[in-house]
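Chemist: I'd like to ask some things about the structure below.
The values are calculated or read from the model by the stated rules, or taken from the named source; none is laboratory data. Note that this is a predicted model, so its numbers are computed, not measured. Neighbour counts are summed over all protein chains in view; Cβ atoms, including those assigned to glycine, are modelled from backbone coordinates with ideal geometry.
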Amino acid sequence: MQSGASRVPLLVSAVLLVTLLFPALFLGYRVAPEASLKSFPPWRSLWGPYPSPSPEAVRAATHLGPRLATIARDGTSAAIWDPWIGGGRPGWLSAPEEGGAPLPVAAAFLARVGWTWTALVALELGAALLGTWWALRTMGLAEWPAAVGATAYALSGAAAGAWLSWRGSALALGPLALALVLAPLTGRRRVVAFAAALFILAASGGPAVAFVALAAAAVTLRPGPHGRVRAWSAALAATVIVCAVMLPRIWLDRAGWETGAAETRPQPPPPIDAWRDLVTPSLEPQGSAAWPAGANLRPEAGNPGYLGLAVLILAAVGAALAPSRERGLWLGVASASAVIAAAPSALLARAGLSHRPFGVLAVAVAALAAYGVSALIQRAPRGWPAGAVGGAAWLLVAVSMLPGAARRLPFAPGSENGLQAPIPHTVATGSDRVAGLLGTMPPDVGAAFGIADVRASSFPHEPRYASLLGAARGGDLPVSRALDPEIARLGARYLLEPLPLRIVSGEIFSRTEPADLAAEGEPGRFRATVPPGATRLGLATSTETGMRAWLESPSRSLELEPDTALRSESGEWRWFAVPAGFPSGGATLVLQGPGGAVRAAPDAAWDSSGLRLVAADERGIRLWAWDQARPFVFLATGVQAGGRKAPADPRTVTAGAASLLRFAGLAGHGTVAASVQSSRLEARVRCDRAALLVAQVKYRPALWRATVNGGVAATTRVDGVWTAIEVPAGTSRVVLEARVPVWAWAFAGGGLAVLALLSLPGRRS
């Protein structure tokens, strides 16, 4: 390569980066898809409606954004287990969909706070440009044709449309992997290059499969100086090494599934419907323009099949004038990719394909366009500088494609404060989960604030948990399900209700039951029956102030505090809070008004909903807490068979028939002091006899290892999804830790060691 050859791609990359990120570099803006969430409750009531939020920005803010924030905040502590999404699931190390693709991880670790998205876009654009340029240069193209091809691919709908998605890493690094495969290396260095390419693709996930097929075709058709046998031997050795290096991720992904869960594949994206899709940057949104309240799937705004008219014209020139060998390779790749990209979704799903090869199609067309520019330079009139022809072609491609790519970047002022957490961190932690009503804090978004959520946008390998949760598509909870006390058994301690709605208080008021008060001998004393789980006592009185109430039982007596949760439902009722755990049954109600003891029994009502208003009209929400919510770690008071109706006692758990006999004599009476981290739980338990310790950690026996007093202990599934451990009488130290087996790390370390040895310079003879 000539000494000045590197100046062209550097210049091209600098121009494109400066142009696309000009607001960030010079105007104090940053790429911030999370700003689109201002159209969602609770931020909508604080900021006002956000004008025309981009569907791509909303999707980024509700999927990859929370995972990037988790990696940036928690680092490696969330690699094995992510406690924030869907009641807990395997962390970013397990899959690219969880944020574990190479470029998102690099951006999260390297960028400063608030600039992760800007860094990610810069990394993806730079990788796509330099990787494609290197691949085209390796095929023998000159600097300017390679620069045109690199620009055509980097700004295509496939690459630019994935900047804000986890798929962006695969589409940005795919050409780089191809360049490594085509590099003129021999011997063990070729094995290292093949292994690096395969590792990049494997770590980037499903969208990179098409690039694996492209690399295999390139190795077959361009085997190098030593023939196909040597090339495929190097590829086979690289595959073995990469499988060993990727073993921890493969194991973690499978160990994070529910026991017996079946393989599920996402539906492929929509096909190319017409040839005009190749020259249209954005498709018309399908369906109604009004968006649902939650984080459901939105219609696609970008067009992954977009290639650009100027690029297609240059590609047609390249298809006509390129050398026959290269023309045959890239025309074949483009044709095969176009057929799959336009195939019906049902046909692809039947074939087991969940991704369309838009990226490989864009690479093939960009390569043909590069050959077209090379042909134009060669056939230019004598005296025309090659740089002028190549520069003009590059300028034509860049000017035609830059506007469509720039519209995909949602900028926000860097000085503008980010979204405020809807609840204080002291209220909800990793062990206190929340559930939002009617789209409040869409599923997965809580991870960005360090707030654990029982919901998730999808549950691909958790059918049992998803069934118990009863969420709709996209993760939203129906109001009827959110107000069911059984949701507290799934770990939801808090409910978030958006303002100005008052659905929860209305439902509570509609479900109250009349209370019978019978006068006793003394004035102001009335006999009442406290129902199980009593939360509030309502009295029909027009007196706004001065009313006081006492509740006396054989074991407890106290004055009831006024409760304002249902104040707006009726001005004719005064409500008093009944403390959690007040014994049910017969009790005496003592009432005193402004003029002294109340003589006539007023109309009364009991509320047994178990919901208490923690914060009203604050941060755009009303925050409710469940009385039935259990501690993150607790001793079970009993075990019974699972059925349609949950046990009345929140700390009584359900178990399978095989576990009932083993746990029949266990009853929890003691104390528990627990320390909870992302992937580790430690509890000090003191009980007078053998008991069952329950942790609201999803039952994954292969992933979560339990020890009691230093010895390995068996775990059991209770309540359908949680983990239980039997502890002996006395004082015990229980540790529950998520870990990847040592043998998996040993294989990965061995693979890396082999790569390091192969990379060492050989000894000269």
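Chemist: Hey, can you tell me all the residues within segment 13-42 that are of a type outside the set (Lys, Arg), under 13 Å from Ala412 (Cβ atoms) and in contact with a Pro (Cβ under 8 Å, 6 or more places away or on another chain)?
Modeler: Taking segment 13-42 and keeping what is of a type outside the set (Lys, Arg), we get 13-29, 31-37, 39-42.
Next, only the ones that are under 13 Å from Ala412 (Cβ atoms) stay: 23-24, 27-29, 31-37.
Listed by number, the residues that qualify are Gly28, Tyr29, Val31, Ala32, Pro33, Ala35, Ser36, Leu37.
Chemist: Suppose we filter Ile313, Ile250, Ile241, Ile272 for residues that are among the hydrophobic types (A, V, I, L, M, F, W, C), more than 20 Å from the chain's Cα centre (by Cα), modelled with pLDDT of 80 or more and closer than 30 Å to Val754 by Cα; which single one remains?
Modeler: Selected residue: Ile241, the only one of Ile313, Ile250, Ile241, Ile272 that is among the hydrophobic types (A, V, I, L, M, F, W, C), more than 20 Å from the chain's Cα centre (by Cα), modelled with pLDDT of 80 or more and closer than 30 Å to Val754 by Cα.
Chemist: If only one of Thr541, Thr535 is in the same structural domain as Ala587 (by TED's automatic domain parsing) and under 16 Å from Gly610 (Cβ atoms), which one is it?
Modeler: Unique residue meeting the criteria: Thr535.
Chemist: For segment 652-684, how many residues are in contact (Cβ under 8 Å) with a residue 40 or more places away in the chain and either among the β-branched types (Val, Ile, Thr) or within 24 Å of Pro83 (Cα to Cα) (or both)?
Modeler: 14
Chemist: Every residue in segment 679-693 that is in contact with a strand residue (DSSP E or B) (Cβ under 6 Å, 6 or more places away or on another chain) and not basic (Lys, Arg), please.
Modeler: Once the filter is applied, which keeps residues that are in contact with a strand residue (DSSP E or B) (Cβ under 6 Å, 6 or more places away or on another chain) and not basic (Lys, Arg), segment 679-693 yields Ser679, Leu681, Glu682, Ala683, Val685, Cys687, Ala691, Leu692, Leu693.
Chemist: Looking at segment 505-525, which of its residues are in contact with a Pro (Cβ under 9 Å, 6 or more places away or on another chain) and farther than 27 Å from Gln628 by Cα?
Modeler: First pass over segment 505-525, keeping only residues in contact with a Pro (Cβ under 9 Å, 6 or more places away or on another chain): 513, 515, 517.
Selection gives nothing.
Chemist: Further, regarding this structure: Given the criterion closer than 15 Å to Ser678 by Cα, surrounded by fewer than 24 Cβ atoms within 10 Å (Cβ to Cβ) and either among the hydroxyl-bearing types (Ser, Thr, Tyr) or modelled with pLDDT of 95 or more (or both), identify the matching residue among Thr76, Thr118.
Modeler: On the way: Thr118 fails: closer than 15 Å to Ser678 by Cα.
None of the others qualify; the one that does is Thr76.
Chemist: Where the second residue is of a type in the set (Phe, Trp, Tyr) and at pLDDT below 90 and the first is assigned by TED's automatic domain parsing to the domain that holds Ala150 and within 19 Å of Gly140 (Cα to Cα) and lies in segment 373-395, which pairs have Cβ atoms under 9 Å and are six or more apart or on separate chains?
Modeler: Ile377/Trp384
Chemist: Then there is this: Quick one: Leu180 ticks every box in (1) out of contact with any helix residue (DSSP H, G or I) (no Cβ under 6 Å at 6 or more places or on another chain); (2) under 21 Å from Pro9 (Cα atoms); (3) in a helix (DSSP H, G or I) except a single one, so which number is it?
Modeler: It fails just one condition, (1).
Chemist: Taking segment 497-543 as the region of interest, how many residues are in contact with a helix residue (DSSP H, G or I) (Cβ under 6 Å, 6 or more places away or on another chain) and over 19 Å from Leu438 (Cα atoms)?
Modeler: Of the residues in that region, 1 qualify.
Chemist: Moving to a separate point now. Can you name every residue in segment 233-264 that is over 23 Å from Ala79 (Cα atoms) and in contact with a helix residue (DSSP H, G or I) (Cβ under 7 Å, 6 or more places away or on another chain)?
Modeler: Ala234, Ala235, Ala237, Ala238, Thr239
Chemist: Filter segment 448-464 down to the residues that are farther than 17 Å from Ala629 by Cβ and not in a loop (DSSP other than H, G, I, E, B), then identify the one that is nearest to the chain's Cα centre (by Cα).
Modeler: Just the residues of segment 448-464 that are farther than 17 Å from Ala629 by Cβ, to begin with: 448-450, 456-464.
After this cut, where a residue has to be not in a loop (DSSP other than H, G, I, E, B) as well, the list is 448-449, 463-464.
Details: Ala448: 10, Phe449: 13, Pro463: 17, Arg464: 19 Å.
Step by step, filter segment 448-464, then rank; the result is Ala448.
Chemist: Moving to a separate point now. When you go through Ser568, Ser608 one by one, which is the residue that is touching a Ser or Thr at 6+ places or on another chain (Cβ under 8 Å), within 30 Å of Pro500 (Cα to Cα) and at pLDDT 90 or above?
Modeler: Result: Ser608 is the single residue among Ser568, Ser608 that is touching a Ser or Thr at 6+ places or on another chain (Cβ under 8 Å), within 30 Å of Pro500 (Cα to Cα) and at pLDDT 90 or above.
Chemist: Considering only strands (runs of 3 or more DSSP E) fully contained in segment 498-602, which possess at least 1 residues that are within 39 Å of the chain's Cα centre (by Cα) and crowded, with 17+ Cβ neighbours inside 10 Å?
Modeler: 536-540, 573-577
Chemist: Identify the single condition in (1) over 29 Å from Ile423 (Cα atoms); (2) touching a Pro at 6+ places or on another chain (Cβ under 8 Å); (3) of a type in the set (Gly, Ala, Ser) that Gly610 does not satisfy, given that it satisfies every other one.
Modeler: (1)
Chemist: Continuing with this model, one more query. Does Leu755 satisfy the criteria of being in contact (Cβ under 8 Å) with a residue 60 or more places away in the chain and either closer than 25 Å to Trp92 by Cβ or buried (at least 19 other Cβ atoms within 10 Å of the Cβ) (or both)?
Modeler: The answer is yes for Leu755.
Chemist: Related question: Could you check segment 48-102 and list, in sequence order, the residues that are in a helix (DSSP H, G or I), more than 20 Å from Ala162 (Cα to Cα) and aliphatic (A, V, I, L, M)?
Modeler: Ala72, Ala78, Leu93
Chemist: Filter segment 360-385 down to the residues that are farther than 27 Å from Leu201 by Cα and buried (at least 17 other Cβ atoms within 10 Å of the Cβ) and list them by number. Before you say what the answer is, go through the steps one by one.
Modeler: Filtering segment 360-385 for residues farther than 27 Å from Leu201 by Cα gives 372-385.
Passing the criteria: Gly372, Val373, Ser374, Ala375, Leu376, Ile377.
Chemist: Next up: Yes or no: segment 559-579 includes at least one residue that is in contact with a Phe, Trp or Tyr (Cβ under 9 Å, 6 or more places away or on another chain), free of Cβ contacts under 8 Å to residues at least 12 places away in the same chain and hydroxyl-bearing (Ser, Thr, Tyr).
Modeler: no
Chemist: Given (1) crowded, with 24+ Cβ neighbours inside 10 Å; (2) in the same structural domain as Pro385 (by TED's automatic domain parsing), identify the lone condition not met by Trp134.
Modeler: Here Trp134 clears every test but (1).
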